[in-house]
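These notes concern the structure reproduced below.
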Amino acid sequence: MADIVEEKPKKKGKLVKLLGIAIALIVLVGAGAAAGMFFADRMGTAKAQAEPADNLPRLVPKSEEKRVSAAEGSGSETSGEGAKEATPPGEGGAKYASTYYELDKDFTSNLQDSVHYIQIGVAVSTPYDQRVIDNLKTHEIAVRSAILMALGDTTEDEVFTSDGKKQLQKRLVDAINKVLIQKEGFGGISNVYFTSFVVQ
């Protein structure tokens, strides 16, 4: 009589199958999580790019500035005797209000290829809201450095003529706005004014 040999199923094959399925499941879950984070990040970036105008400084019309001034004035004065009337808006001139800010310390620099040096006081103006001035104050050290670099590139010919001084003003506006754009994404300085100007 022939012996019947029963073959037992290999348990290793089943274990390898289960292990393969578990690894595949882990890989799929990991890939899904990575894809989810990637698309969430992309959507967040797209949303931030779609809404930059909400976070940017806005132009301040003159009429709005006068309303704010009038409201502030009426808060301190009582109606009746001694009350001040708001100044009516004027005709012509700039459409937007200007906010001025004077940098604290003067700037001193040698002139390019010269034995002379220049010392200036600087004030700036902006037609935008207070955020531009706040940005300027926050990054004043970087702005001061940019102004000094621009002054170091200035020649004698520029500082002794009014046209040269106007060119210097434009270069300083560009230098300040470049710093603010780099640091905050928005410049906003419209003009530079000299509060003092000495060449020696």
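No value in this document is a laboratory result; all are computed from the given coordinates. Everything quoted here is computed from the prediction, not taken from an experiment. For neighbour counting, all protein chains shown are included, and Cβ atoms are generated from backbone atoms with ideal geometry for every residue, glycine included.
Okay, here's what the table says:
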quantity	calculated
Peptide ranges 187-198, 126-137 listed from the most packed, as the mean C-beta count within 10 angstrom indicates	126-137, 187-198
Exposure proxy ranking, count of Cβ atoms within 10 Å, fewest first, for GLU184, GLU102	GLU102, GLU184
Long-range amide H partners of PHE197 with built H, under 5 Å	GLY121
Taking VAL124, VAL60 and counting other C-beta atoms within 10 Å, the order from fewest to most	VAL60, VAL124
J(HN,Hα) series, the range 183-196, from Karplus relation 6.51 cos²θ - 1.76 cosθ + 1.60, nearest Hz, glycine and proline x	8, 10, x, 7, x, x, 7, 9, 7, 10, 10, 8, 8, 7
5 angstrom amide H check on SER190, placed H, neighbours 5+ away	SER125, THR126
Pairs beyond 25 Å (Cα-Cα), from LYS62/LYS178; LYS105/LYS166; LYS62/LYS165; LYS137/LYS178; LYS62/LYS105	LYS62/LYS178; LYS62/LYS165; LYS62/LYS105
